Each structure stands twice: as structure tokens, then as C-alpha cells.
Amino acid sequence: MTPTQDEVLAYFTTLANWGRWGNDDELGTLNHITDEVRRAAAHAVRHGRSVSCAWELTAPTDMDRSTTTIPRAVDMPGAEHMPTHFHRDRRWGSTNERLAFTYHGNTVTHLDAPCHLTWDGKLYNNRPHTQVTTEGGTTWAGVTAAANGITTRGVLLDIPAVRDVPWLQPGEAVHPTDLEQAERRQNTKVRPGDAVLLRTGYGRARRETGDNTGLTHSGWHASCLPWLHDRGVALIGADTPQDVQPSGYQNILMPIHAIGLVAMGLWLLDNCDLEACATTAMSLSQWDFHLTVAPLRLAATSGSPVNPIATF
């Protein structure tokens with residue numbers, strides 16, 4: 001049954017993990033990934049095959065590049081601090097780039113930390129929004145809370161396969177019944193500490209139609225939030241920006257982001273490319289895997305571009 005808007009807004013209270021792991025907790029649902037969960041995740045490696053779950057990031061055409069076709073070690077950054085013999089070296093060259101890009105949005109595969117959103121002036125675990133500023137970034141629940149990396153069992157739930165379609169249409173929502181049908185079809189079960197990756201087939205649609213994620217896209221419906229909470233899921237990902245758009249609710253446009261990040265402390269992997277993962281899972285008849293996500297240690301930031309790796 002589809003929850004009403006009032007019921008969804010109540011999730012901010014009924015699904016809140018504020019204080020659950022202590023008032024100073026910044027990890028949120030990553031607390032579900034215990035040492036035992038990590039050890040058990042290693043057993044998902046049964047074939048030794050690894051695949052990326054990220055889109056290739058295209059460097060902008062105006063990116064600064066520096067290539068020394070005639071080797072000049074003296075031109076390397078920091079060369080002024082190197083010993084004299086370094087400056088005489090003429091046998092090697094170098095290539096260097098300086099990148100600038102925005103990773104939050106609808107295209108780059110990235111990890112959202114809990115501080116990425118606020119609701120009614122609050123961050124995860126009842127911290128004030130003033131702990132995030134334009135000048136200094138965040139002092140609470142930033143991406144460096146996951147500096148040791150995220151290592152756990154991943155489970156891919158393939159919804160187009162359940163519905164016998166190549167991909168879900170823009171605006172088509174995924175509900176808990178879809179998740180459970182995928183579990184039965186794949187003979188797997190989501191358990192506490194897992195990362196759940198939701199395939200809508202968008203990666204295939206993008207390649208075959210040239211479409212790019214716009215304002216309307218498929219994804220998790222708000223009704224999935226209690227299901228994820230009850231299962232003790234540590235991390236969710238999708239091949240879209242997570243929330244089905246439009247969400248179906250006038251006063252909460254992105255409930256997966258808002259309730260997930262602020263109330264639950266649920267970390268999000270946005271804009272994954274799950275086609276290689278799905279093809280591998282199908283060929284091996286294995287829908288769980290060892291998942292590793294290593295965000296950059298970007299101080300005082302709300303997320304990081306990432307390359308999630310699934311190892312079967």
C-alpha cells in the first residue's frame with residue numbers, strides 16, 4: 001500500500017537513528033557493518049571476478065594538462081625542494097593534470113555522506129545545520145567519517161528482470177514488493193550490514209537510446225525506506241540518482257535523500273553503472289558479492305566521487 005504524504009513525513013521520527021549509536025555518532029547506518037559482517041562478506045568471493053560499478057568520468061575539454069615531451073624534471077611541482085642531481089635528470093618525462101568538477105548531481109558516480117542534506121535546520125543525529133558552512137565546509141558527518149572505506153557484502157536487485165522489461169521507464173517507482181520479488185527470483189536475501197544496489201536498467205537505456213538522466217527518472221519509492229530500515233541495510237546505491245522523480249509527494253521531493261540521510265544516516269551511492277555487475281551476476285548465477293567503496297579523504301566535504309568494486 002502506498003503511504004500518504006503524512007505517513008512519509010512521519011518517517012523522520014519513526015525511522016530515525018538519532019542517538020541509536022550514541023550522540024556523537026557520524027557513521028549512521030555504516031554501524032551495521034561490523035567486523036563479523038566484513039568477514040562474512042569475504043565468503044561472497046567465489047569466482048575472483050571484479051567489475052566496476054561506476055561510470056567513466058570524462059575529463060572536461062578545457063582541463064589543464066601538462067606533458068613534458070622533452071623531459072624537464074626541473075619543471076615538476078616541488079622540484080625546487082629536490083636535490084641537485086634531480087635537476088640534471090634528462091631521461092624521464094611527466095604528465096600532469098589539474099581537475100575541477102562537481103560530483104553531486106545526476107551523472108557522476110559518487111557517495112553521499114549524511115551531512116549532504118538538512119531538514120528543518122537539522123543534520124543527522126540532531127546536529128544543527130550551522131555545522132555546515134560555505135567558508136569551512138562541514139564539521140559533522142562528512143565523507144571522512146568513512147575514511148577507512150566501506151567493505152561489506154553487496155546485493156544487486158535487478159528490477160527490470162522481475163518485470164520482464166529491458167529497463168524501467170522515467171518516473172517508474174520501485175516498491176518493497178519489487179525488492180522481495182527480486183530476492184525470490186535471485187534466491188538471495190538482504191541481511192543486516194548489506195549494501196543494496198538497485199538496478200533500474202538505466203545504464204542500458206542510456207547506451208541504447210543516448211538518454212541522460214534528467215529531471216524525471218526511475219528509482220526507489222519512499223515506501224522502501226521502512227523496508228531498508230527493518231533489514232538493517234548499511235548503504236544503498238542505484239543506477240539513477242536514487243529517488244524516483246517525481247516522488248509523488250508535493251512537500252517532500254526527495255524522500256530517499258532527505259529521510260535516508262538526515263533521519264537514518266543512510267549513506268547513498270548515486271548514479272552507479274550496474275550493467276557489468278548485472279551481466280556478471282547473471283552469468284555466474286550469483287547476485288551477492290564483496291563490495292568495496294573507498295571515498296577520497298576530502299576534508300570537510302559532503303561526499304566523494306567513487307569507483308565501487310564488486311568482486312564475485
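The values are calculated or read from the model by the stated rules, or taken from the named source; none is laboratory data. What you see is a predicted model; the values in this text were computed from it and never measured. Cβ placement follows ideal geometry from the backbone for every residue including glycine, while neighbour counts extend to all protein chains displayed.
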The one condition Thr213 fails out of (1) surrounded by fewer than 24 Cβ atoms within 10 Å (Cβ to Cβ); (2) at pLDDT 95 or above; (3) within 18 Å of the chain's Cα centre (by Cα); (4) farther than 20 Å from Glu180 by Cα is (2)
Any residue in the stretch 277-302 that's farther than 18 Å from Ala54 by Cβ: show its pairings with residues that are among the acidic types (Asp, Glu) and surrounded by fewer than 20 Cβ atoms within 10 Å (Cβ to Cβ) at Cβ separation under 9 Å, as long as the two are six or more apart or on different chains.
Trp287/Glu183
Which residue is surrounded by the fewest Cβ atoms within 10 Å (Cβ to Cβ), if the candidates are limited to the stretch 1-38 and must be closer than 20 Å to Ser223 by Cα and among the hydrophobic types (A, V, I, L, M, F, W, C)?
Met1
Residues being in a loop (DSSP other than H, G, I, E, B) and crowded, with 24+ Cβ neighbours inside 10 Å: count how many of those fall in the stretch 181-200.
2
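In the stretch 208-312, which strands (runs of 3 or more DSSP E) lie fully inside it and hold 2 or more residues that are closer than 21 Å to Asn187 by Cα and charged (D, E, K, R)? Write out each step before concluding.
Details: elements: 235-238, 267-270, 288-293, 303-305, 309-311.
Qualifying strands (runs of 3 or more DSSP E): none found.
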Matching residues in the stretch 233-253 - criterion: being in contact (Cβ under 8 Å) with a residue 60 or more places away in the chain, crowded, with 16+ Cβ neighbours inside 10 Å and over 17 Å from the mean Cα position of the chain (by Cα):
Gln245, Gly248, Tyr249, Ile252
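Restrict the check to the stretch 144-160 and report whether at least one residue is part of a loop (DSSP other than H, G, I, E, B) and either over 24 Å from Ala310 (Cα atoms) or touching a Phe, Trp or Tyr at 6+ places or on another chain (Cβ under 7 Å) (or both). Full working, then the answer.
First, the residues of the stretch 144-160 that are part of a loop (DSSP other than H, G, I, E, B): 147-149.
Going one step further and asking which of them are either over 24 Å from Ala310 (Cα atoms) or touching a Phe, Trp or Tyr at 6+ places or on another chain (Cβ under 7 Å) (or both), we end up with none.
No, that holds for no residue.
Listed residues Gly203, Gly193; which is on the phi < 0 side of the Ramachandran plot and either assigned by TED's automatic domain parsing to the domain that holds Arg39 or among the aromatic types (Phe, Trp, Tyr) (or both)?
Details: Gly193 fails: on the phi < 0 side of the Ramachandran plot.
Going through Gly203, Gly193 in turn, the sole match is Gly203.
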Would you confirm whether or not the stretch 50-61 contains a residue that is on the phi > 0 side of the Ramachandran plot, of a type outside the set (Ser, Thr, Tyr) and at pLDDT 95 or above?
no
Answer from Leu261, Leu269 - the residue that is buried (at least 24 other Cβ atoms within 10 Å of the Cβ) and either touching a Cys at 6+ places or on another chain (Cβ under 7 Å) or over 22 Å from Thr13 (Cα atoms) (or both):
Leu269
